[in-house]
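Novice: Please see the structure below; I have some questions.
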């Protein structure tokens, strides 16, 4: 059996004009995540990312310099687009800049999206599910025994929910739990795919690293 280790990107630039860049803290999170994997003796023989800058920067700061394979199915759903559509084109300031308001509103928006609402968004819920499944097939269609993927919270939440045959709303709960640089592990064969570990952060267990844990 082979392992698929899916790591959520490190902290991005919440509230900034360009969200798709790691913060300084995000780079620090990535460094210690990579160091922890190497201390554990877990060395990947295939690297995969989506196409987002924050995913690629996470992989680089983790210390893996080889050029990764790419699949856009590992990208996050476009939450900015979903929120813009919900609010008629302009995201209110508190939703954009206040974390509690943002995530409460995002949760409600995702429920509506899953139910067929947020009409006019660039991507439907069905299309999102399909591309995450395609990304899984792409990553696991390999002779590699240890595949490291850098992805995003929504894609990870959907991958876990699908592997458990959970209802759509469970994806939202999983998505909003996923910590920056957390590690979610799956076991796979040509005929099987199952969850082994969810949202683990061994690199934040030492007291000197505990304050580095973030969710966005």
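Novice: Please give the number of the condition residue 146 fails out of (1) in contact (Cβ under 8 Å) with a residue 40 or more places away in the chain; (2) not assigned by TED's automatic domain parsing to the domain that holds residue 70.
Specialist: (2)
Novice: Which residues, counting only those in the stretch 164-200, are out of contact with any helix residue (DSSP H, G or I) (no Cβ under 9 Å at 6 or more places or on another chain) and outside any loop (DSSP other than H, G, I, E, B)?
Specialist: Once the filter is applied, which keeps residues that are out of contact with any helix residue (DSSP H, G or I) (no Cβ under 9 Å at 6 or more places or on another chain) and outside any loop (DSSP other than H, G, I, E, B), the stretch 164-200 yields 185, 187, 196, 197, 200.
Novice: Given the conditions (1) out of contact with any helix residue (DSSP H, G or I) (no Cβ under 6 Å at 6 or more places or on another chain); (2) not in a loop (DSSP other than H, G, I, E, B), which single one is not true for residue 157?
Specialist: Unmet condition: (1).
Novice: From the list 139, 134, which one is modelled with pLDDT of 95 or more, closer than 25 Å to residue 60 by Cα and touching a helix residue (DSSP H, G or I) at 6+ places or on another chain (Cβ under 7 Å)?
Specialist: Sole residue among the options that is modelled with pLDDT of 95 or more, closer than 25 Å to residue 60 by Cα and touching a helix residue (DSSP H, G or I) at 6+ places or on another chain (Cβ under 7 Å): 134.
Novice: Same structure again: Any residue at all in the stretch 150-160 that's in the same structural domain as residue 50 (by TED's automatic domain parsing), more than 13 Å from the chain's Cα centre (by Cα) and surrounded by 22 or more Cβ atoms within 10 Å (Cβ to Cβ)?
Specialist: No: zero hits.
The values are calculated or read from the model by the stated rules, or taken from the named source; none is laboratory data. All values derive from a computational prediction rather than experimental measurement. Here Cβ is always computed from backbone atoms with ideal geometry, including for glycine, and neighbour counts include all displayed protein chains.
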